[in-house]
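Here the structure comes first, spelled out in structure tokens, and everything after it is commentary.
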Amino acid sequence: MIQFFNVTKTYNGVRALLGVTLQVEKGEFVFLVGPSGAGKSTMLKMIFREEVPTKGQIYVCGRSTIRMRHHEIPFLRRQIGMVFQDFRLLQERTAYENVAFAMQVIGASPAEIKKRVPEVLEMMGLKGHAGMFPQQLSGGEQQRVAIARALVNKPTLLVADEPTGNLDRDTAWEIINCLQEINNQGTTVVIATHAREIVDTLRQRVIALEKGRLVRDEYEGAYAHAT
Amino acid sequence: MPMLPKTWLYIVQETLRSLKRNGWINFAAAGTTAVSLFILGVAILLVIDTNFIASSVESDVEIMAYLQDGVKEDAVTALRAQIKAIPQVKDVSFISKDQALTSLEQQFGQSGQLRQSLGGSNPLPDAFKVSTTDPRQVTGVANLLTRMPGVDKVRYGQGVVEKLLELTYYMRLIGLTVVVLLALCAIFLIATTIRLTMFARRREIVIMKSVGATDWYVRWPFLLEGIILGGAGAVVAIAVLFFSYSTLASKVMETLPFIPLMYDNLVLLQLFLSLLAAGVGLGIIGSLISVHRYLQA
Ligand SMILES: Nc1ncnc2c1ncn2[C@@H]1O[C@H](COP(=O)(O)OP(=O)(O)O)[C@@H](O)[C@H]1O
Ligand SMILES: [Mg+2]
């Protein structure tokens with residue numbers, strides 16, 4: 001599903017990633033951990049083809065993101081559901097409209113939209129919030145809307161950048177449970193986080209970054225190195 | 001580029017939404033486009049009319065070749081044949097001294113009186129009235145006539161033709177410069193407006209692209225907005241131009257009938273359609289400039 005080969009990324013001389021090699025298989029649930037500035041977001045952006053590596057090769061869904069032509073990028077992104085740290089919701093549109101937007105953009109028919117959007121909203125526990133604007137929703141609810149939007153086009157891969165970053169403990173758990181449920185239904189899930197408690201409790205695969213280097217890759221791993 | 005019909009519905013909705021949202025900015029852009037296209041239309045009409053006036057003056061220019069006193073009739077016939085033989089000459093007519101005096105009398109409107117006051121004699125010379133196939137050849141033909149036997153003096157609207165031709169040349173040059181400058185202004189303003197709209201919608205664009213929108217999907221509403229802005233500007237310019245020009249033309253026809261103004265509906269229609277096309281074209285260029293920059297990232 002995702003392959004990084006010796007990937008290095010520098011932003012005008014600032015090193016964000018250095019020689020990262022890794023592979024994520026279809027159906028996996030992966031935590032990407034590391035202190036702030038370790039390069040987690042950079043990695044996710046490269047999966048999403050928002051950035052390209054300075055050196056190395058990246059394959060996502062069997063396609064090289066480097067050799068990919070500009071007009072092919074949208075079609076890669078339609079296979080990936082991205083959940084951004086700042087939610088990236090449209091403030092002047094309701095929860096329903098925000099989710100429907102993702103379907104309109106790829107040319108889905110009104111009938112398809114009418115059928116699919118309530119489905120996803122219900123799955124995310126937002127049935128009663130469809131007509132509300134982001135400002136009327138709590139942080140956790142906004143995050144659910146963002147996840148619903150990421151899921152609405154049935155991606156094969158879901159990528160979330162610090163999805164629990166701004167949420168209280170209980171809400172964070174709710175969100176993580178949602179993402180686990182999505183993974184159980186077959187979607188590959190990659191989560192960048194520094195929520196130590198969650199990572200330590202779930203014992204999923206953990207990939208740790210430090211100053212741009214991959215320092216650990218463990219199945220059933222913990223947030224910190226077991227010493 | 002290929003678009004599904006249901007996508008078009010979205011595009012039109014988005015365009016209207018953004019036109020509503022940025023009301024005053026759009027108003028400013030369409031207004032400036034209208035002013036630019038109006039001045040452009042005025043410039044074009046000025047050029048058309050100078051050309052029109054020049055060509056009617058040109059066709060009026062004739063050469064008068066006055067003959068020496070006492071040239072015999074067979075010499076006159078020979079001279080007539082000689083003038084006719086010049087390839088650039090379109091028409092020759094002989095005006096005898098009697099005919100000249102009669103027409104002079106008619107101009108003064110007192111038949112017989114002039115002849116009387118001249119004491120029965122006629123001081124006017126016989127003359128040939130010569131017209132050329134092309135007004136630019138007037139000088140050359142006039143020079144040839146001067147050298148012919150029996151010809152005394154040659155007169156024509158010396159300099160008038162040259163000056164008018166020169167004037168239309170400069171009119172065209174100035175008109176073209178003004179037109180190009182104004183077109184650039186309009187493009188700049190539309191591009192700025194579209195950039196403002198895009199800035200207002202930057203979050204939306206980022207989200208669109210992150211959920212897999214193609215470039216054309218992002219581009220169309222802005223392109224359409226540009227087309228509407230340019231087109232609306234053109235329509236306003238055409239309306240104002242039409243009313244002011246028809247008013248001017250009828251005023252001129254009433255008060256200054258000797259100034260011939262072009263008033264050909266077909267020419268005006270062509271001009272207005274060109275202005276509309278220009279407005280739409282400016283809109284497209286303007287929005288593509290801004291959209292291109294945004295989509296590069
Ligand atoms: N667009 C950018 N321009 C310059 N430097 C950047 C940019 N994005 C990230 N960086 C730098 O790259 C490093 C890794 O950043 P990031 O991937 O955001 O880390 P994380 O998400 O783990 O906090 C940091 O030093 C950051 O300052
Ligand atoms: Mg980050």
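Every number here is computed from the coordinates shown, using simple stated rules; none is lab data. Every value quoted in this text rests on a predicted model; they were computed, and no experiment measured them. Counting neighbours? That spans all protein chains shown, and the Cβs are built from the backbone with ideal geometry, glycine included.
List of remarks:
- Between the C-alpha center of segment A:89-162 and that of segment A:23-41 there is a gap of 24 Å.
- Shielding by partners - mean other protein chain Cβ count within 10 Å, residues of A:67-77: 3
- Rounded tilt (10° steps) of B:73-84 against the dominant C-alpha axis of chain B: 20 degrees
- Crossing angle, helix B:215-255 versus chain B [Cα axis fit, 0-90 degrees, rounded to tens]: 30 degrees
- Cross-link pairs B:LYS90/B:LYS163; A:LYS45/A:LYS211; A:LYS115/B:LYS20; A:LYS55/A:LYS211; B:LYS72/B:LYS97 - those with Cα-Cα distance over 19 Å: B:LYS90/B:LYS163; A:LYS115/B:LYS20
- Taking Lys and Arg as +1 and Asp and Glu as -1, the other residues whose beta-carbon sits under 13 Å from that of A:LEU89 total 0.
- Across chain B, the mean sequence separation of Cα contacts (distance under 8 Å, 6 or more residues apart), normalised by length, yields a relative contact order of 31 percent.
- When you restrict to C-alpha pairs under 8 Å that are six or more residues apart and normalise by the size of segment A:93-154, the relative contact order lands at 52 percent.
- Residues A:TYR219, B:TYR66, A:TYR59, ranked from the fewest to the most other C-beta atoms within 10 Å, line up as A:TYR219, A:TYR59, B:TYR66.
- Paramagnetic label zone (point 7 Å from Cα along Cα-to-C-beta, B:LEU196; backbone N under 20 Å) in segment B:222-263: B:222-237
- Residues A:HIS129, B:HIS292 arranged by fewest to most Cβ contacts within 10 Å: B:HIS292, A:HIS129
- GNM flexibility winner over chain B from B:ILE44, B:ILE259, B:ILE228 (Cα, springs under 10 Å): B:ILE259
- Paramagnetic label reach from B:LEU124 (point 7 Å along Cα→Cβ; backbone nitrogen cut-off under 14 Å): within segment B:77-105, residues B:94-105.
- The Rg/Rh ratio of the protein assembly as shown, with both radii computed over alpha carbons and Rh defined as the Kirkwood radius, is 1.35.
- Length released on extending from B:ASN265 to B:LYS163, taking residue separation times 0.36 nm less the Cα-Cα span: 33.8 nm
- Of all DSSP beta bridges confined to the protein assembly as shown, the antiparallel ones make up roughly 65%.
- Fraction of alpha-carbon pairs over 15 Å apart in segment A:52-125 - percent: 66 percent
- Protection proxy ranking of B:199-209, B:271-281 - average other beta-carbon atoms within 10 Å, highest first: B:271-281, B:199-209
- Exposure proxy ranking, count of Cβ atoms within 10 Å, fewest first, for A:MET124, A:MET103: A:MET103, A:MET124
- Helical runs (DSSP H, four residues minimum) scored at -39500 (n - 2.57) apiece and divided by the length of chain B put the mean residue ellipticity at 222 nm at -25500 deg cm²/dmol.
- Largest mean-square fluctuation among B:THR15, B:THR255, B:THR177, in a Gaussian network model of chain B whose springs join Cα atoms under 10 Å apart, belongs to B:THR255.
- Selected from B:SER121, B:SER96, B:SER250 as most flexible by GNM, with chain B as the system and alpha-carbon contacts under 10 Å: B:SER121
- Label-point separation, B:SER244 to A:HIS225 (7 Å along Cα→Cβ), nm: 8.0 nm
- Value of [θ]222 nm, deg cm²/dmol, for chain A, DSSP H segments ≥ 4, -39500 (n - 2.57) each, nearest 500: -9500 deg cm²/dmol
- Shielding of B:213-223 by partner chains, average beta-carbon count, 10 Å: 3
- Extending 7 Å from the Cα toward the beta-carbon at both B:LYS72 and A:ASP86 defines two label points whose distance is 10.7 nm.
- Comparing Cα centroids, segment A:185-201 and segment B:206-221 end up 29 angstrom apart.
- Extended-chain gain in nm, criterion 0.36 nm per residue less alpha-carbon gap, A:LEU22 and A:GLN136: 37.0 nm
- Modelled label reach - A:ASN6, point 7 Å along Cα→Cβ, segment A:47-67 residues with backbone N closer than 19 Å: A:52-60, A:64-67
- Quotient of the Cα radius of gyration of chain B and 2.2 N^0.38 Å, N being its number of residues: 1.64.
- Inter-probe distance in nm under a simple model that places probes 7 Å from Cα toward Cβ, at B:LEU16 and B:ARG80: 7.8 nm
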